[in-house]
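Following: one structure in structure tokens, then a few remarks.
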């Protein structure tokens with residue numbers, strides 16, 4: 001069953017939602033919100049929130065938002081490893097302009113690479129890897145920044161066991177902002193309408209404006225500011241000092257993203273109304289003590305006026321409960337973009353599971369490994385050698401993609417089918433006529449593959 005009124009562009013959105021990256025989020029900023037919703041559907045997010053609260057209850061009753069947000073900052077800053085760009089390349093591979101065929105994706109790629117180049121040019125002499133990344137960008141390459149859910153972030157823990165402090169997972173600045181926003185919602189420090197992501201493909205930060213307060217600013221996981229601590233940093237009262245302190249942290253920003261929509265200022269594109277954009281800028285300007293230098297005269301889309309309410313977070317205490325609320329919300333809105341968070345969460349029970357098949361073909365590691373496949377038995381052998389038999393997500397209700405299977409060395413039956421399919425489709429050993437005949441069936445939550453007059457199910461591998 002396909003989503004009501006879905007189009008080819010809707011399908012592409014869902015494929016990118018299943019595997020959000022720095023580059024896909026450049027053209028589809030709503031994927032940032034999709035990740036927040038997917039995190040709130042995860043029991044591991046709620047478990048982490050209870051750990052931060054210091055009790056078996058996720059309720060932060062009796063604690064001011066500032067105190068709880070400071071706890072969140074301490075937890076994320078102290079327990080997660082902020083990886084360098086080349087470490088992302090080692091784990092996730094490279095994003096390569098050469099292989100982009102879609103015109104819209106190519107335009108978004110060039111826009112993002114332009115911003116990244118400006119950022120690293122400004123970092124020359126300050127970070128050792130800036131010259132190498134600029135050379136990468138000149139060749140149309142960049143480390144692949146996959147934006148994962150909290151579950152995949154935590155799955156990195158065994159890979160990081162040799163690092164000091166034994167971090168719980170590996171993150172980028174965008175991951176940290178998304179994780180902090182998700183925890184703040186779970187711990188009732190704010191509502192969905194209180195969240196503003198400010199940033200660009202180069203760097204993201206997070207503002208929270210709970211009702212009745214002056215607001216808070218997270219410079220990813222590095223720094224956490226209340227209004228008072230921010231004023232103390234730049235001396236207070238001086239717009240020039242505030243501007244310098246801000247620009248030291250945010251070299252480039254081109255967008256605001258909220259659960260209700262987003263605006264990309266240089267492109268003058270927005271899914272928020274002009275009134276909403278001005279209100280967001282005013283909140284941040286007031287907190288920062290300066291004027292953000294952007295042109296707020298964005299061109300809002302027609303559907304802005306048709307947007308409905310957001311899913312309710314009030315009183316929610318578990319991932320299962322939030323999942324139910326999201327599904328009820330989607331049933332009312334019927335929007336393919338609203339359903340994207342289900343695919344970001346990777347739930348197997350979605351309207352169109354073929355999205356995961358398409359997303360499975362976008363991985364870098366599986367593409368490289370397919371070069372070792374010269375016949376069907378090679379691919380079968382490679383999949384059979386994956387030692388773990390369970391998904392990184394635990395139960396069978398969610399789906400890891402092939403690159404995650406190869407990275408974490410574990411897979412359930414459906415994930416083995418996706419990996420086998422990706423290896424076969426990427427392998428240069430098979431002619432297009434054979435590949436066109438390969439099929440993957442997705443009946444009753446148990447997947448199978450037909451290829452070269454043979455059929456496989458997960459138990460076979």
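Here are some notes:
Yes/no per residue for (1) at pLDDT below 95; (2) surrounded by 13 or more Cβ atoms within 10 Å (Cβ to Cβ); (3) in a helix (DSSP H, G or I):
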| site | (1), (2), (3) |
| --- | --- |
| 81 | no, yes, no |
| 91 | yes, yes, yes |
| 101 | yes, no, no |
| 104 | yes, no, yes |
| 109 | no, yes, yes |
| 112 | no, yes, yes |
| 115 | no, yes, yes |
| 119 | no, yes, yes |
| 124 | yes, no, no |
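- Filtered residues of the stretch 126-148 (kept if part of a helix (DSSP H, G or I) and assigned by TED's automatic domain parsing to the domain that holds residue 254): none
- Against the test of being buried (at least 23 other Cβ atoms within 10 Å of the Cβ) and part of a loop (DSSP other than H, G, I, E, B), the options 422, 379, 429, 400 yield a single qualifying residue, 400.
- Test set (1) in contact with a strand residue (DSSP E or B) (Cβ under 8 Å, 6 or more places away or on another chain); (2) more than 24 Å from residue 89 (Cα to Cα); (3) surrounded by 15 or more Cβ atoms within 10 Å (Cβ to Cβ) - residue 391 fails condition number: (2)
- Unmet criterion (only one of (1) out of contact with any strand residue (DSSP E or B) (no Cβ under 8 Å at 6 or more places or on another chain); (2) closer than 20 Å to residue 14 by Cβ) for residue 245: (2)
- Scan the stretch 439-450 for residues that are surrounded by 11 or more Cβ atoms within 10 Å (Cβ to Cβ) and either out of contact with any helix residue (DSSP H, G or I) (no Cβ under 6 Å at 6 or more places or on another chain) or over 20 Å from residue 370 (Cβ atoms) (or both) and the total you get is 7.
- Only one of the numbered conditions (1) surrounded by fewer than 22 Cβ atoms within 10 Å (Cβ to Cβ); (2) under 30 Å from residue 106 (Cα atoms); (3) assigned by TED's automatic domain parsing to the domain that holds residue 288 is not met by residue 166, and that is (2).
- The stretch 14-27, subset more than 17 Å from residue 175 (Cβ to Cβ) and at pLDDT 95 or above, residue surrounded by the fewest Cβ atoms within 10 Å (Cβ to Cβ): 15
The values are calculated or read from the model by the stated rules, or taken from the named source; none is laboratory data. Everything numeric here is computed off the predicted structure, so don't read it as measured data. When we count neighbours, we look across all protein chains shown, and the Cβ atoms used for this are built from the backbone with ideal geometry, even at glycine.
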